[in-house]
Amino acid sequence: MSQFEFVIVLMSFVVAFAISEILAGWGRQFAQREHVKVSGLQLAASVLLLLALVQAVWGYWNFREIEWTLLRFLVAFLPLLVLSTAPFFMTPHISESGVTDAGEHYFRVRPLLFGILGAYVLLNALTELVLSSPAPLGAQAIRLIAVALFVGLAVSREPRVHWAGLTILLILQSVFAWRVTPGLG
């Protein structure tokens, strides 16, 4: 087993737990749908988060050739730890005595949720600087736009702003994945 394989297995466990929390949240909301007022924004944000988690692990392929040390591992692991906390805030606690409004929950946790996502993007850029070389300027521009959108979504309570912001973030994430995230070759 190579150093990279060892490191990526540890990182994958953390991401797998985060992904399982998203999927479990969807399952709980569906299983208890008579007690949940569904929110398209909450579901869209959770899909965006799911894609970010998958892309995060995939993106670590860039670091397969480096010499791994404990410090480098911790620098690379920190963004994943931050990102992996977000799913635990995504799904509302479902009450059996009444109806839980997932939309209200989404707007209640938005500062924390989008703060975590913004911190992840910034920490991921720092990881690149420490472990390799900075991403191309286009990738850095995408990151800056994403962080600005996260700040805007953290403060806004307007659903139209959130729909537009989540749509733009999904497009940015797709462009980033297509242009920056490496292929496995």
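The values are calculated or read from the model by the stated rules, or taken from the named source; none is laboratory data. Please read all numbers here as calculations on a predicted model, not as lab measurements. Positions of Cβ are generated from backbone atoms using ideal geometry, with glycine treated the same way; all protein chains shown enter the neighbour counts. When the accessible area is computed, the model is the full protein with side chains, heavy atoms only, and any ligands, DNA or RNA have been set aside. Shrake-Rupley method; radii C 1.70, N 1.55, O 1.52, S 1.80 Å.
Going residue by residue through region 87-97, is there one that turns out to be closer than 21 Å to residue 132 by Cα and touching a Phe, Trp or Tyr at 6+ places or on another chain (Cβ under 9 Å)?
Pass one, region 87-97, residues closer than 21 Å to residue 132 by Cα: none.
Checking region 87-97: not a single residue is closer than 21 Å to residue 132 by Cα and touching a Phe, Trp or Tyr at 6+ places or on another chain (Cβ under 9 Å).
Does region 36-64 hold any residues that are open to solvent by 40 Å² or more (accessible area, probe 1.4 Å), farther than 21 Å from residue 163 by Cα and touching a residue at least 40 places away in the same chain (Cβ under 8 Å), and which are they?
Correct list: 58, 61, 62, 64.
Inside region 1-15, can you point out the residues that are open to solvent by 50 Å² or more (accessible area, probe 1.4 Å) and assigned to a helix (DSSP H, G or I)?
3, 5, 6, 9, 10, 13
Enumerate the pairs (first residue in region 1-23 and farther than 26 Å from residue 93 by Cβ; second residue anywhere and aliphatic (A, V, I, L, M) and surrounded by 13 or more Cβ atoms within 10 Å (Cβ to Cβ)) with beta-carbon separation below 7 Å, excluding pairs fewer than 6 apart on the same chain, so at least 6 apart or on different chains.
11/57; 11/80; 12/57
I'd like to know if region 47-67 contains one or more residues that are polar (S, T, N, Q) and modelled with pLDDT of 95 or more.
No: region 47-67 contains no residue that is polar (S, T, N, Q) and modelled with pLDDT of 95 or more.
Enumerate the pairs (first residue in region 144-161 and over 12 Å from residue 115 (Cβ atoms); second residue anywhere and of a type in the set (Ser, Thr, Tyr) and modelled with pLDDT of 95 or more) with beta-carbon separation below 8 Å, excluding pairs fewer than 6 apart on the same chain, so at least 6 apart or on different chains.
Every condition considered, no pair remains.
How many of the residues making up region 152-176 are among the basic types (Lys, Arg) and touching a helix residue (DSSP H, G or I) at 6+ places or on another chain (Cβ under 6 Å)?
Narrowing region 152-176 to residues among the basic types (Lys, Arg): 157, 160.
Now drop any that are not touching a helix residue (DSSP H, G or I) at 6+ places or on another chain (Cβ under 6 Å), which leaves 157.
So the answer is 1.
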